[in-house]
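Report on one structure; see the data block that follows.
The values are calculated or read from the model by the stated rules, or taken from the named source; none is laboratory data. Note that the coordinates shown come from a computational prediction; the quantities given were computed from them, not determined experimentally. Note that we place each Cβ from the backbone using ideal geometry, even for glycine, and neighbour counts take in every protein chain shown. Each accessible area value is taken on the protein alone, full model and side chains, heavy atoms only, with ligands, DNA and RNA left out. Shrake-Rupley method; radii C 1.70, N 1.55, O 1.52, S 1.80 Å.
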Amino acid sequence: MTDKLKIFDTTLRDGEQSPGAAMTREMKIRIARQLEKLGVDIIEAGFPAASPGDFEAVQLVAKTLKKTVIAGLSRAMKKDIDACANALKPAKRRRIHTFISSSDIHLKHLFKKSREEALAATAEAVKYARQFTDDVEFSAQDASRSDLDYLCKMVEIAIKNGARTVNLPDTVGYAVPDEYGRMIAYMRNHVPNIEKAILSVHCHNDLGLAVANSISAIQNGARQVECTINGIGERAGNASMEEIVMALKTRADKYKFTTGVKTEEIYKTSRLVSTLTGFMIQPNKAIVGNNAFAHESGIHQDGMLKYRQNYEIMTPESIGVPESRLVLGKHSGRHAFKKRLEDLGYNLSPEAIDNLFAKFKDLADKKKSVYDEDIEALIEEKISSAHEVYQLTYLHTSSGNTTLPTATLKVMKGGTESSEAATGDGPVDAVFNAIDRATGFKGKLENYALKALTQGRDAQGEVTVTVAVNGDEAHGRGVSTDVIEASAKAYLNAVNKLLLKHKTKSARAAFDIQKGLKL
Ligand code: KIV
Ligand code: ZN
């Protein structure tokens with residue numbers, strides 16, 4: 001007998017709260033579609049009361065997806081719940097997720113509420129949310145640092161007022177597995193109406209224990225797990241969905257749970273989230289890291305050749321790592337290109353295909369073999385450029401071992417082109433200086449990484465950067481056959497995200513003032 005475990009994906013909400021991971025609506029839609037394909041049960045699309053941008057993104061995801069339950073987050077207050085209900089209106093299946101804290105630390109220093117006031121707010125918020133949907137989830141933030149008997153009271157009240165799912169987060173990643181599992185068991189044994197709700201867990205990874213804590217909770221009766229792709233999220237991130245799902249699948253001998261996740265879609269989803277957020281995946285990351293299925297030492301390679309299971313506990317195919325990657329060349333026609341897009345899971349409009357096909361032809365002129373990764377890079381560039389404030393229209397650099405590196409470039413903003421030139425320590429530095437001049441933006445380069453997107457000497461260079469300004473940071477990514485151009489694109493991509501974030505922040509502040517929102 002196996003139990004069904006619900007997968008609640010919060011990549012688009014908690015994941016987006018990772019520093020530098022702000023996503024545009026287009027990115028959210030693209031990821032949401034892929035999450036639906038992956039087969040998650042619930043997608044938390046955002047926090048509608050936070051800003052008009054968040055509201056619109058949740059609304060758009062709600063309009064677009066047809067199968068998956070779409071959730072929106074709200075504090076335990078009517079204004080937030082109203083925003084959530086409105087944003088979720090177009091959804092075929094909707095969930096309002098409302099929360100308040102249960103720990104004394106948060107009640108005293110964050111919410112400035114007494115225990116009694118928090119219980120009253122719980123009852124009121126859940127009851128109010130139930131007017132809009134039967135599917136209401138309640139979260140007791142910082143549950144793992146709460147007094148257990150008080151937590152039981154809060155959970156009981158939430159269920160009594162109509163919460164169908166009760167989530168007990170380890171908000172600050174403080175719990176350890178046996179203790180967190182015991183907390184879940186305690187709820188099951190001490191909350192009188194617990195059978196009327198599904199218990200959910202949501203673990204942060206501050207001590208690197210998010211996945212272990214989630215699994216311990218599942219063993220003790222939790223039947224929903226909240227997680228993100230690649231484990232992105234606040235601070236050290238959330239429990240990684242691919243690790244939980246593959247742990248349950250690989251150790252099915254021990255864990256008797258099934259999920260609706262089509263594991264063959266994991267790799268693609270992971271890459272999509274990584275490229276759209278600009279968050280690189282560490283090579284040794286479990287399941288989806290580049291080295292996760294690489295065998296380096298002679299003994300291991302020999303062992304693999306003799307019998308794969310000597311050193312392989314799951315296959316790359318089981319998570320959808322593509323086997324043959326060579327795809328198209330410059331003689332490939334539109335029909336073959338369209339077919340390849342479809343095989344990769346992209347059903348695009350004829351105009352979008354025409355646009356991409358033209359870019360593919362340019363690329364195929366520059367490099368002999370065009371791989372899946374190259375095609376995905378073209379698509380992702382199109383998605384992330386949808387809201388770009390500045391676009392690079394011209395770039396020329398000169399450098400050498402006896403010349404002063406110089407960059408001349410043009411950028412387009414709202415139909416107006418401007419040009420700038422600058423020198424630097426090297427061609428990349430010169431390009432970044434010229435971009436700073438052209439945009440009037442002085443970002444600090446926190447991180448720069450360059451790698452080949454595919455194999456071969458004609459591979460495109462993939463540059464990822466982290467740029468910071470005034471305590472804010474953004475990740476940028478650029479791909480090109482010319483690594484200097486890839487660097488320029490990556491830097492400009494990060495600058496554009498910071499500008500967008502700044503705009504969102506101003507809008508958010510105005511929105512908060514207008515609505516009188518306060519925690
Ligand atoms: O970490 C947390 O407690 C949260 C809640 C708002 C669910 O993200
Ligand atoms: Zn969280």
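Tell me which residues, restricted to segment 1-17, are within 13 Å of ligand 1 (Cβ to nearest atom) and of a type in the set (S, T, N, Q).
Thr10, Thr11, Gln17
Test of understanding: among Glu243, Glu226, which residue is under 30 Å from Ala494 (Cβ atoms), in contact with a helix residue (DSSP H, G or I) (Cβ under 9 Å, 6 or more places away or on another chain) and open to solvent by 40 Å² or more (accessible area, probe 1.4 Å)?
Being under 30 Å from Ala494 (Cβ atoms), in contact with a helix residue (DSSP H, G or I) (Cβ under 9 Å, 6 or more places away or on another chain) and open to solvent by 40 Å² or more (accessible area, probe 1.4 Å) holds for just one of Glu243, Glu226, which is Glu243.
In segment 114-130, which residues are more than 16 Å from ligand 1 (Cβ to nearest atom) and either touching a residue at least 12 places away in the same chain (Cβ under 8 Å) or of a type in the set (D, E, K, R) (or both)?
Correct list: Arg115, Glu116, Glu117, Leu119, Ala123, Glu124, Lys127, Tyr128, Arg130.
Return yes or no: is Tyr180 farther than 23 Å from Glu124 by Cα, free of Cβ contacts under 8 Å to residues at least 60 places away in the same chain, open to solvent by less than 10 Å² (accessible area, probe 1.4 Å) and touching a helix residue (DSSP H, G or I) at 6+ places or on another chain (Cβ under 7 Å)?
So Tyr180 passes the test.
Condition first: open to solvent by 50 Å² or more (accessible area, probe 1.4 Å) and part of a helix (DSSP H, G or I). Can you find one or more residues in segment 462-481 that meet it?
Taking every residue of segment 462-481 in turn, none turns out to be open to solvent by 50 Å² or more (accessible area, probe 1.4 Å) and part of a helix (DSSP H, G or I).
Here is a yes/no grid of residues against (1) at pLDDT 95 or above; (2) of a type in the set (A, V, I, L, M):
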{"site": "Thr393", "(1), (2)": "yes, no"}
{"site": "His396", "(1), (2)": "yes, no"}
{"site": "Thr402", "(1), (2)": "no, no"}
{"site": "Leu409", "(1), (2)": "yes, yes"}
{"site": "Thr416", "(1), (2)": "no, no"}
{"site": "Ala421", "(1), (2)": "yes, yes"}
{"site": "Gly424", "(1), (2)": "yes, no"}
{"site": "Asp429", "(1), (2)": "yes, no"}
{"site": "Thr439", "(1), (2)": "no, no"}
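Looking at Tyr150, is it closer than 23 Å to Ile287 by Cβ, aromatic (Phe, Trp, Tyr) and either touching a helix residue (DSSP H, G or I) at 6+ places or on another chain (Cβ under 9 Å) or open to solvent by 20 Å² or more (accessible area, probe 1.4 Å) (or both)?
No.
Starting from segment 135-149, keep only residues that are of a type outside the set (Phe, Trp, Tyr), then list their pairs with residues that are within 11 Å of ligand 1 (Cβ to nearest atom) and part of a helix (DSSP H, G or I) whose Cβ atoms are within a distance under 6 Å, requiring at least 6 positions of separation or different chains.
Correct list of pairs: Asp142/His106.
Report the residue count in segment 256-309 for those that are charged (D, E, K, R) and assigned to a loop (DSSP other than H, G, I, E, B).
4
Has segment 299-322 got at least one residue that is within 16 Å of the chain's Cα centre (by Cα) and of a type outside the set (A, V, I, L, M)?
no
One line per residue, one yes/no per condition, for (1) within 31 Å of the chain's Cα centre (by Cα); (2) within 16 Å of ligand 1 (Cβ to nearest atom):
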{"position": "Lys153", "(1), (2)": "no, no"}
{"position": "Ile159", "(1), (2)": "yes, no"}
{"position": "Thr165", "(1), (2)": "yes, yes"}
{"position": "Asp170", "(1), (2)": "yes, yes"}
{"position": "Asn193", "(1), (2)": "no, no"}
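For segment 36-91, which residues satisfy the criterion of being open to solvent by 40 Å² or more (accessible area, probe 1.4 Å) and of a type in the set (A, V, I, L, M)?
Once the filter is applied, which keeps residues that are open to solvent by 40 Å² or more (accessible area, probe 1.4 Å) and of a type in the set (A, V, I, L, M), segment 36-91 yields Leu60, Met77.
Can you spot a residue in segment 191-206 that is among the polar types (S, T, N, Q), open to solvent by 10 Å² or more (accessible area, probe 1.4 Å), within 15 Å of ligand 2 (Cβ to nearest atom) and free of Cβ contacts under 8 Å to residues at least 40 places away in the same chain?
yes
If you check Thr258 against the conditions, is it hydroxyl-bearing (Ser, Thr, Tyr), open to solvent by 10 Å² or more (accessible area, probe 1.4 Å) and either more than 16 Å from ligand 2 (Cβ to nearest atom) or free of Cβ contacts under 8 Å to residues at least 12 places away in the same chain (or both)?
So Thr258 fits the description; yes.
Which members of segment 77-119 meet the condition of being assigned to a loop (DSSP other than H, G, I, E, B) and more than 27 Å from Asp149 (Cβ to Cβ)?
Residues satisfying the conditions are Lys89, Pro90, Ala91, Lys92, Arg93.
Inside segment 398-453, can you point out the residues that are surrounded by fewer than 18 Cβ atoms within 10 Å (Cβ to Cβ), among the small types (Gly, Ala, Ser) and more than 21 Å from Asp482 (Cα to Cα)?
Gly414, Gly415, Ser418, Gly440
Select from segment 207-240 the residues that are basic (Lys, Arg) and away from ligand 2 (no atom under 15 Å from the Cβ) and list them in ascending order.
If the condition is that a residue be basic (Lys, Arg) and away from ligand 2 (no atom under 15 Å from the Cβ), then Arg223 is the only one that fits.
Please determine, by comparing only the residues of segment 214-251 that are within 17 Å of Arg188 (Cα to Cα) and assigned to a helix (DSSP H, G or I), which one is farthest from ligand 1 (Cβ to nearest atom).
Among residues in segment 214-251 that are within 17 Å of Arg188 (Cα to Cα) and assigned to a helix (DSSP H, G or I), the one farthest from ligand 1 (Cβ to nearest atom) is Gln219.
Give the number of residues within segment 1-29 that are open to solvent by less than 20 Å² (accessible area, probe 1.4 Å) and either within 16 Å of ligand 2 (Cβ to nearest atom) or small (Gly, Ala, Ser) (or both).
Residues meeting the conditions: 11.
If Lys368 meets every condition in (1) open to solvent by 70 Å² or more (accessible area, probe 1.4 Å); (2) under 20 Å from Val463 (Cβ atoms); (3) touching a residue at least 40 places away in the same chain (Cβ under 8 Å) apart from one, which number is that one?
(2)
Can you tell me which residue within segment 288-333, out of those that are of a type in the set (Val, Ile, Thr) and at pLDDT below 90, is surrounded by the fewest Cβ atoms within 10 Å (Cβ to Cβ)?
So, considering only residues that are of a type in the set (Val, Ile, Thr) and at pLDDT below 90, the one surrounded by the fewest Cβ atoms within 10 Å (Cβ to Cβ) is Ile299.
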